[in-house]
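Working notes, structure below.
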Amino acid sequence: MNILGIETSCDETSAAVIAETGDVARPWAIRSNVIASQVEIHREWGGVVPELASRQHVRDICGVVEKALADAQVGWTDLGAVAVTQGPGLVGSLLVGVSFAKAAAAAAGLPIVGVHHLAGHIESLVLHNGELPLPAVILVVSGGHTSLYLVKSPGSYELLSRTRDDAAGEAYDKVAKLLGLGYPGGPVIDRLAKQGNDTAVRWPGTRLTHADRNAPQLKGDLDFSFSGLKTAVLRHVTLRREQGADLGEQEIADLCASFQRVVVKTLVERTFKAAMIHGARSVGVAGGVSANSRLRADIKAYGEAREIPTFVPDLTLSTDNAAMIAAAGLRRLRAGITSSLDMNADAALALGS
Ligand code: KG4
Ligand code: ZN
């Protein structure tokens, strides 16, 4: 079966066609994956402007879906279902994809499957690597989320922890902004950090010891927090500017490397702590920040030292894309789950506990 996936939760309009392979170890193959990025529109504002994002999705969605079908060399009659990101995300953006998917599914007489955006990121690992050894601990780390999930069986996602404040990608974007490096910050900091001394400034990582009052069901010790680090960078830079320093290229590179060292160390150590606690047979990292070169290298090295296989998605599948949504949709469809045509976008859709 072929499935059409649609993703419009933030600032990428994406459509993809995924085919089932019949191979249980590598269940899905990408036939097309089209992404229209809005990054140039939002760069001017230093971040995603929700209203501009939803308007641009309206402009792009028809052409992106047509291209995804053309690239895959399929027509509507070759599809078995339509999968779409139902949430979480920006509600105006989500609504464009959900409305389009509902109309297309109704017109073509196809079942529709609403997909959680983070289930999509988790399944991007399977799309690229094949089924992972289970149980697996998966770190989903993006501009909107930093969460650990335990996958005990295919398609089940148990929330172990999440950030109490900023997501790691958000911290990258905010630190880049205060250093005047533009948007999105992750790729720029990643690049500049390669030239920097990562112990130039020794900011501490954050360790949480108590459960969050807002999420008493989680123990809390595996939670993340990045807003303190972001503020520490801000205070450092403000102080340097007050001292009359004109931050040069090398100092900026050192700050990027020092910031990145703390973020990556925290992400890697907490992920493996969770893996040890839950007896994981593999570890995965997905979401936009999984494109980070240091995170990819460090998680692999950490896993090799502990003999736990680690997985990351291909770079094109790290950031938002519809191929991962189609894959997660197929997983749900094969588990007998479909949505009804009165499904709605849900900006705060929950996954796991
Ligand atoms: O998954 P994604 O495309 O969208 C969300 O669901 O948020 O993630 C986007 C985030 C941004 O914060 C961006 O700065 C970050 O991923 N990012 C990176 C890198 N590439 C993208 N962060 C660190 N290093 C990178 N190479
Ligand atoms: Zn995402």
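The values are calculated or read from the model by the stated rules, or taken from the named source; none is laboratory data. Being a predicted model, the structure only gives us computed values, none of them experimental. No Cβ is skipped: glycine too gets one built from the backbone with ideal geometry, and neighbour counts run over all protein chains shown.
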- request: Examine segment 104-117 for a residue that is in contact with a helix residue (DSSP H, G or I) (Cβ under 9 Å, 6 or more places away or on another chain), in a helix (DSSP H, G or I) and within 16 Å of ligand 2 (Cβ to nearest atom), and state whether such a residue exists.
  value: yes
message: Looking at 91, 137, 141, 115 in this structure, which one is under 20 Å from residue 12 (Cβ atoms), more than 13 Å from ligand 1 (Cβ to nearest atom), surrounded by 24 or more Cβ atoms within 10 Å (Cβ to Cβ) and not polar (S, T, N, Q)?
response: 115
message: Of everything in segment 30-59, what is over 13 Å from residue 322 (Cα atoms) and of a type in the set (A, V, I, L, M, F, W, C)? Give them in sequence order.
response: 39, 41, 45, 48, 49, 52, 53, 58
query: Restricting to segment 193-214, what's the tally of residues that are more than 21 Å from residue 268 (Cα to Cα) and at pLDDT 95 or above?
result: 1
query: Right, residue 36: of a type in the set (A, V, I, L, M), without any contact (Cβ under 8 Å) to a residue 40 or more places away in the chain and within 14 Å of ligand 1 (Cβ to nearest atom) or not?
result: yes
message: Just to verify a result, which residue in segment 169-182, among those that are within 8 Å of ligand 1 (Cβ to nearest atom) and among the small types (Gly, Ala, Ser), is nearest to residue 318 (Cα to Cα)?
response: 169
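Does residue 185 count as away from ligand 1 (no atom under 11 Å from the Cβ) and either out of contact with any His (no Cβ under 7 Å at 6 or more places or on another chain) or not basic (Lys, Arg) (or both)?
Numbers: away from ligand 1 (no atom under 11 Å from the Cβ): no; either out of contact with any His (no Cβ under 7 Å at 6 or more places or on another chain) or not basic (Lys, Arg) (or both): yes.
Criteria not met by residue 185.
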query: Consider residue 123 against the criteria (1) farther than 16 Å from residue 82 by Cβ; (2) away from ligand 1 (no atom under 16 Å from the Cβ); (3) of a type in the set (D, E, K, R): it satisfies all of them except one. Which criterion is unmet?
result: (2)
statement: Of the listed residues (293, 339), the one being touching a residue at least 24 places away in the same chain (Cβ under 8 Å), surrounded by fewer than 24 Cβ atoms within 10 Å (Cβ to Cβ) and farther than 24 Å from residue 7 by Cβ is 293
query: Cβ-Cβ below 6 Å, separation at least six or inter-chain, first residue in segment 198-215 and in the same structural domain as residue 259 (by TED's automatic domain parsing), second among the polar types (S, T, N, Q): which pairs?
result: 198/258; 200/258; 201/258; 205/266; 206/225
- prompt: Identify, please: which residue in segment 68-94 is assigned to a helix (DSSP H, G or I) and within 26 Å of the chain's Cα centre (by Cα) and is, among those, nearest to residue 120 (Cα to Cα)?
  reply: 94
task: Could you tell me which of the residues 80, 87, 97 is touching a strand residue (DSSP E or B) at 6+ places or on another chain (Cβ under 8 Å) and either of a type in the set (Asp, Glu) or farther than 29 Å from residue 147 by Cα (or both)?
output: 80
